[in-house]
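Note sheet for the following structure.
The values are calculated or read from the model by the stated rules, or taken from the named source; none is laboratory data. These numbers come from a predicted model, not from an experiment. Cβ: placed from backbone, ideal geometry, glycine included. Neighbour counts: every protein chain shown.
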Amino acid sequence: MTAILIDLTDPLTLTQHTQLLAWLESEVDKAPRGTQFTMGVVSDDEAKWGATAPLCKPQDAASASSFTQNASLIDQRYREQFLDPLQARIREMTSASGADSSPIMESLQALAADTPGFVTFDGPRRVILVSDLLQHSEALSMYRGDNWDSFRNSGNFERVGMTFLDADVVIYQVPRANEGSIDFDEIEHFWAMYFERQGAHLPELKRLGDL
């Protein structure tokens, strides 16, 4: 089961967009047959939170038996019922129009809650987060200088649960041109501690650079 959250409250450069599409297509290719995919976005509009309708990865032509199965028909179904609609969603959701806030934690929890069976699923779970990682909401704002220590000592810390127990986490971090005043080591530490608190494995971080 794979849940993908895309935070493009600021637009990507062309290079970043191309890299991201390649990485996400690789994630889909590597996923085992039967993996359920859902997607969500980070938005300052709560009505846009949640998950898309799930798409389950079916058998592809590469695994078809040349003796008992029609590989061409299997490939057609794979593309029409899974790959094409999933890629269309990815391309649609990687186009950003900007936003006044970036409630990453809140949108992430909404995605998990709205994904059928995600919270209680006892099989492999994978969370993919595409974001600049700059949380900015009433609960916590890194633009105000908030960090893990200040969050841990705030009343909002008690709202953190164990939604991602034993989940694998991959972060595609989107660097921004104006992030020079931000201590990225602090940001990376925050998300490592956040997912640890949620019970997830240590996130794997990949940076979508364009220089």
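Filtered by the rule that a residue be more than 11 Å from Arg89 (Cβ to Cβ) and hydroxyl-bearing (Ser, Thr, Tyr), the stretch 36-51 gives a lone residue, Ser43. Restricting the search to helices (runs of 4 or more DSSP H) fully inside the stretch 1-101 and requiring at least 3 residues that are crowded, with 17+ Cβ neighbours inside 10 Å, touching a residue at least 60 places away in the same chain (Cβ under 8 Å) and not hydroxyl-bearing (Ser, Thr, Tyr) gives 14-30. Within the stretch 190-211, restricting attention to residues that are surrounded by 13 or more Cβ atoms within 10 Å (Cβ to Cβ) and among the aliphatic types (A, V, I, L, M), the residue that is farthest from Ala22 (Cα to Cα) is Met193. Right, Ala71: on the phi < 0 side of the Ramachandran plot and either touching a Ser or Thr at 6+ places or on another chain (Cβ under 6 Å) or hydroxyl-bearing (Ser, Thr, Tyr) (or both) or not? It is false that Ala71 is on the phi < 0 side of the Ramachandran plot and either touching a Ser or Thr at 6+ places or on another chain (Cβ under 6 Å) or hydroxyl-bearing (Ser, Thr, Tyr) (or both). Considering only residues in the stretch 150-184 that are under 21 Å from Gln109 (Cα atoms) and among the acidic types (Asp, Glu), the one that is modelled with the lowest pLDDT turns out to be Glu158. When residues in the stretch 158-190 are screened for being of a type in the set (A, V, I, L, M, F, W, C) and within 21 Å of Met1 (Cα to Cα), 7 of them pass.
Output the strands (runs of 3 or more DSSP E) that fall wholly within the stretch 112-211 and possess 3 or more residues being in contact (Cβ under 8 Å) with a residue 24 or more places away in the chain and of a type in the set (A, V, I, L, M), or say none. Walk me through it before giving the result.
Working: elements: 126-131, 168-173, 204-207.
Hits in the stretch 112-211: 126-131, 168-173.
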